[in-house]
Amino acid sequence: MAHLLHDILFPRRAPTAGSNQPPRAPPPPPRQATSDPSAPACHRAPTRFQNPEVVFATSAHGSTGGQQGNADDEAESGAGFFDLNQPIDSDDEDDNHDLIQENGESGGEGNFDEDVSSQPIVPFVGMQFDNEDVALKVYNEYAYKMGFGTRICSSKYSRKRGSEQVLINRVFECVHARKGAAAATTLGGTSESAARKQCSATDMSSGSKNTNHQPASASMEMSDSRQRNRVVRHNCKAHMIISLREGSFTVTTFTSEHTHPLVKELGRRRYYRSHRKIPEEDLEFLELMHNRNLKTSDIMGMLGDVHGGDIRTLGYVKRDVTNERSKMRAKLLFRDMDLTLEYFKKRQDENPNFYYAKDVDEDNAVRALFWVDGRTRLLYPKYKDCVFFDTTFCTNRYNMPFAPIVGINNHLQTVVLGCALLANETKDGFRWVFERWLEAMDGVQPDHIMTDQDQAMGKAILEVFYDAIHRNCFWHVIRIAKTKVGKPMQQGEPFAQAFWACIFDTDTVEQFEASWKHVMTWFQLDQNKHLKNMWDSRKKWAPIYFRRNFFPFTSTTGRSEGLNSYFKTLVHPSDSVFTFVRQFELCQDMMLDREDNAGFIIETTEPPLWGRLNIEKQASVFYTREVFDRFQKLIAENTAFTLEQQQNDASLRFSLVASDRRDTRTYQVEADVANGLYDCSCNMFDMCGLICPHIIRVMVHLNIQVIPDRYLLERWSQAASKGAPVPDANTRPHMFGIPGTNTLRYNRLCRKMNRLASDACFSDETYELVSAAIDSVSAVVDAKRRGGDTQQEGEPDVVQVQAQQQTAQGGLRNPPRQQPKGRPKESEKRKKPLLEQREDAAKKKKKGKKDEETNTAEKTSTTAKRGTGTKKKKMTGTKVTKCPFCLGDHHLVDCLVMKMKISAAQEAQGAATQQDENVPEVELGLKL
């Protein structure tokens with residue numbers, strides 16, 4: 001079977017009749033080195049190390065002596081063998097020449113049939129190459145199969161004046177060549193400086209010298225910034241010398257003997273620097289994944305999957321990928337802002353509605369950026385009724401705060417209405433962003449805007465968006481209150497219960513303000529500084545003041561913060577602004593993909609109906625699927641209310657109460673059936689744009705079959721996003737059957753060539769035909785590559801960035817690194833506020849109450865009884881929380897003293913109000 005396989009892989013061709021090709025002389029035998037001690041050192045043979053026998057396939061019938069018992073080598077090669085440590089037979093020489101000079105001419109990268117056999121090409125004296133790169137490739141592949149690394153020892157160039165220097169001689173050697181420091185110091189004529197130079201501090205996997213010379217025997221200095229392992233020097237004489245002769249490089253000297261053990265395991269050989277090189281097709285795939293900010297470990301895993309599923313089969317290691325990614329980042333170091341603005345200009349050329357602006361200081365450094373795409377500008381009039389604004393850090397290398405302006409589309413999804421990179425979080429910085437946004441939106445201000453409690457942001461909004469209703473995030477307000485107030489705001493505290501009742505259980509502004517004052521006075525917190533500040537700014541955060549304003553289904557900036565949190569998974573704090581902008585384009589594309597998915601569901605499916613009401617069928621056709629799901633829940637909720645009708649002069653009035661008593665409120669609904677007007681005390685339509693379940697209950701009671709048009713907002717309909725322009729697509733026409741990237745094209749061509757090779761290797765005729773076709777096609781491809789026709793049309797020029805180490809003349813400078821607001825980070829731990837300290841103490845106390853291990857030792861009956869009694873006493877002596885008003889062992893809700901005091905306070909306040917101000921009595925909203 002072995003000789004049959006060899007005949008298939010290495011067919012012998014008989015010389016054709018009439019061939020004028022002269023016979024090739026065998027290479028001269030290798031020069032034997034003398035072992036005479038009196039001979040010069042350069043001619044003395046080094047001590048020969050008994051390396052493992054390395055064999056290569058030559059003939060199916062002949063094998064060297066002593067190889068019969070080496071079953072592992074036979075299994076690995078699958079054919080005959082020859083030993084590099086033995087003289088080469090004439091037959092083996094002919095076979096070797098057949099492998100190298102099959103076309104009758106020497107040299108040339110295309111002449112080496114590397115894919116026929118996994119064995120390397122063994123260099124020999126007289127071997128010719130087209131250039132030095134081919135010679136290096138052949139010698140390096142030979143070294144990889146053998147198990148050692150290579151490097152360039154020396155190079156010699158021509159010294160002709162007035163002409164370009166030409167390489168005429170180059171020496172390749174083993175990385176373990178030369179003597180170590182210990183051996184060098186034993187020689188009488190070798191100085192200490194020479195020993196240091198010979199034992200240079202070089203990385204084990206490095207193929208180049210290190211300028212930090214240090215003897216191997218020197219102790220490690222901890223002051224060095226980085227300590228490297230040193231290559232062990234064995235004074236190895238394995239090398240190859242090539243010289244320029246008649247336009248081609250010829251091997252003049254080749255020595256294959258090593259004085260050190262070779263690396264046997266294939267997975268370890270690749271760590272030699274000479275064997276670590278990322279192929280060009282892998283570099284493109286690596287750059288594609290690098291631009292998507294994947295982790296280096298994930299990139300290595302994907303590259304391993306592409307090449308067979310094991311990263312050990314790659315010709316490079318993780319450090320090489322990390323270094324390559326660092327080079328990619330360094331390309332953008334000095335031209336970051338120039339590339340970003342070039343990208344914006346290209347986007348503007350593709351879509352004139354694309355808008356961007358920059359803020360430059362006196363040093364021509366970019367301080368801030370703002371941009372918004374054309375599709376968003378056209379959809380803004382429909383989504384301007386409610387926007388959110390927030391900032392975040394750690395998104396770019398300059399620490400510029402990222403400030404997205406987001407809204408809600410008709411699918412209840414987050415939509416980006418503008419993006420900005422700020423210089424700082426000051427009033428002027430926010431004002432610049434708001435002015436650019438207003439300019440991009442043709443001067444149309446938003447109706448409602450929600451932010452956090454940043455004072456500089458609030459002042460800028462008041463000056464620019466003077467007609468907009470500004471609201472602070474309720475979650476931020478409560479979070480700061482819990483930190484500042486401390487224990488009274490903890491869950492279960494009496495003040496916390498009264499505080500939440502004051503906020504959520506009041507229906508009018510008067511009830512809220514009266515309840516707030518009463519709660520603060522009762523708990524003696526009316527002088528608390530933070531609570532006083534909350535009272536002064538109550539019109540910016542209290543929900544009762546926004547019952548008639550459109551903030552749909554939210555009272556926080558969670559949408560903006562959610563976008564920031566998701567976007568941080570796509571970027572890295574050390575990324576450039578150019579990378580940041582491209583990653584944000586990916587984020588927007590994913591939002592558009594989600595919107596397309598929602599539109600597809602609407603066009604191809606029908607929602608299940610909860611009942612048989614006509615208003616539900618009407619809503620299912622009008623609303624988008626996400627909005628209809630919420631409306632359907634409101635329809636189901638209307639069945640939980642009972643109503644009582646009250647007749648008015650112009651309209652009907654209904655009082656609705658929950659039948660299950662979970663909601664103790666009484667809702668008032670006024671209905672003008674003739675004019676199609678409905679109004680509820682919950683104000684849900686004003687806040688969210690959907691009629692509430694109380695109005696639905698009244699409509700069902702009055703047998704109303706159609707929802708009036710004024711209560712069907714277009715911004716929740718399917719028609720809200722119709723007419724929007726198609727997102728900017730690649731101008732390159734899509735060609736079916738042709739992969740879009742070089743990596744995909746490379747993989748597909750490899751599969752085709754593998755199938756072609758497997759079909760053509762069974763006969764000499766098909767082999768010659770395919771081989772000749774490949775040679776002819778290779779020449780055409782080389783001509784195309786030299787002509788520069790491989791550049792893809794439609795690709796942005798800014799993506800193909802050349803490594804430039806200085807800013808172009810007249811170009812923009814990158815912004816300086818910004819300092820975030822707040823207290824700078826310190827090494828010591830910060831002092832925790834009282835609330836956090838109490839929370840930590842509660843966690844420790846809860847953890848300490850875990851059951852301890854029981855004592856396994858036997859005890860007397862008396863001790864057991866005493867222990868049981870003690871246990872019962874502890875069980876019966878459980879601590880009960882006492883009422884803060886009467887100190888009784890009951891809950892705050894059941895305290896009669898508290899109820900009497902509250903009733904007395906209400907009566908006294910009502911009497912005083914009637915006597916002094918002559919106004920109707922105000923009902924307090926405390927519902928404890």
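Between LYS539 and GLN491, how high is the FRET efficiency from 1/(1 + (r/R0)^6) when r is the Cβ-Cβ distance and R₀ = 30 Å? Nearest 0.05. Rounded to the nearest 0.05, the efficiency is 0.65. Along segment 299-308 the Karplus relation, 6.51 cos²θ - 1.76 cosθ + 1.60 evaluated at θ = phi - 60°, assigns HN-Hα couplings of 5, 4, x, 5, 5, x, 5, 5, 9, x Hz to successive residues, with x for each Gly and Pro.
When only the heavy atoms of the protein chains count and the probe is 1.4 Å, how do ARG785, ARG292 rank by accessible area, highest first? Don't skip to the answer; put the middle values down first.
Working: ARG785 135, ARG292 105 Å².
Largest accessible area first, the list is ARG785, ARG292.
List every residue whose amide H lies under 5 Å from the amide H of CYS174, counting only residues 5 or more places away in sequence or on a different chain, with H placed 1.01 Å from N in the peptide plane. Amide H neighbours of CYS174, under 5 Å, 5+ apart: ALA238. Measuring nothing but protein heavy atoms, the accessible surface of segment 413-483 at 1.4 Å probe radius is 48 percent carbon and sulfur.
Report the Rg/Rh value for segment 623-673, based on alpha-carbon coordinates and the Kirkwood definition of Rh.
Working: Rg = 13.7 Å, Rh = 12.6 Å.
Radius of gyration relative to Kirkwood radius: 1.09.
If only the Cβ of Lys and Arg carry +1 and only the Cβ of Asp and Glu carry -1, the dipole of segment 417-564 around its Cα centre is close to 480 debye.
Which shape class applies to segment 346-487: rounded if a/c is under 1.5, otherwise prolate when a/b exceeds b/c and oblate if not, where a ≥ b ≥ c are the square roots of the Cα gyration tensor eigenvalues? Judged from the Cα gyration tensor, segment 346-487 comes out oblate (a/c at least 1.5, b/c at or above a/b). If the segment from ARG661 to LYS532 were pulled out straight at 0.36 nm per residue, it would be longer than the present Cα-Cα gap by 42.9 nm. With a ≥ b ≥ c taken as the square roots of the eigenvalues of the C-alpha gyration tensor of segment 538-692, please select rounded if a/c is under 1.5 and otherwise prolate if a/b is larger than b/c or oblate if it is not? Verdict is prolate for segment 538-692. The stretch between LYS722 and GLU265, if pulled fully straight at 0.36 nm per residue, gains 158.2 nm over its current Cα-Cα span. Distance distribution P(r), segment 250-305, all Cα-Cα pairs, bin width 10 angstrom from 0: 17, 34, 25, 16, 8 percent.
When the alpha-carbon atoms of segment 616-722 are used, the pair Rg, Dmax equals 14.0, 44 angstrom.
In this calculation the C-beta distance from LYS318 to LYS346 is compared with R0 = 22 Å, giving a FRET efficiency of 0.05. A simple rule links phi to the HN-Hα coupling: the Karplus curve 6.51 cos²θ - 1.76 cosθ + 1.60 with θ = phi - 60°, which for segment 520-528 gives 5, 6, 5, 8, 6, 10, 5, 9, 5 Hz, with x for Gly and Pro.
Heavy-atom accessible area with a 1.4 Å probe sorts ARG230, ARG471, largest first, into ARG230, ARG471.
In angstrom, the C-alpha Rg and Dmax of segment 271-396 are 20.5, 63. Distance distribution P(r), segment 413-566, all Cα-Cα pairs, bin width 5 angstrom from 0: 1, 8, 15, 19, 19, 14, 10, 8, 4, 1, 0 percent. Convex hull volume per residue, computed on the Cα atoms of segment 410-477, equals 109 Å³.
The values are calculated or read from the model by the stated rules, or taken from the named source; none is laboratory data. Owing to the predicted nature of the structure, the values given are computational and were not obtained by experimental measurement. When we count neighbours, we look across all protein chains shown, and the Cβ atoms used for this are built from the backbone with ideal geometry, even at glycine. To get the accessible areas, we keep the full protein, side chains included, count just its heavy atoms, and leave off ligands, DNA and RNA. Shrake-Rupley method; radii C 1.70, N 1.55, O 1.52, S 1.80 Å.
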